[in-house]
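Enquirer: Take a look at this one; I'll ask things after.
Values in this text are rule-based calculations from the coordinates and carry no lab data. Keep in mind that this is a model prediction, so the values were computed, not measured.
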Amino acid sequence: MTAISSPCVKLCQLDATTRLCQGCGRSLDEIGRWSRLSEAERRAIMARLTERLVHKHDRSLPPKL
């Protein structure tokens, strides 16, 4: 069995405004579906997480889901 790719950094707390995890940048929906996503779907989400985390303090930009 292979390990599931995960961006989790064990800092699991949702931002009240963006509704994104402050540790990894995923939405609650993404976190809940993570184990059921294909590896390609997980990698596509992970490719967007850095941008989400960089812009999480800029409230003028909506989070990119």
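Enquirer: For segment 8-20, what does the Karplus curve 6.51 cos²θ - 1.76 cosθ + 1.60, with θ = phi - 60°, yield as ³J(HN,Hα) per residue in whole Hz, taken in order and with x for Gly and Pro?
Expert: Working through the residues one at a time gives 4, 10, 6, 10, 8, 8, 7, 6, 5, 8, 7, 6, 10 Hz.
Enquirer: Could you pull out every residue, at least 5 positions away or on a different chain, whose amide H is within less than 5 Å of the one on residue 14? Hs are placed 1.01 Å off N in the peptide plane, and Pro or chain starts have none.
Expert: 22
Enquirer: What's the extension gain from residue 15 to residue 51 if we count 0.36 nm per residue and subtract their Cα-Cα distance? The partial results should precede the final answer.
Expert: Values: separation 36, 0.36 × 36 = 12.96 nm, distance 1.56 nm.
Here the answer is 11.4 nm.
Enquirer: Another question, if that's okay. Normalising by the residue count of segment 12-59, find the relative contact order in percent from Cα pairs under 8 Å and 6+ residues apart.
Expert: Reported as a whole number, the value is 30 percent.
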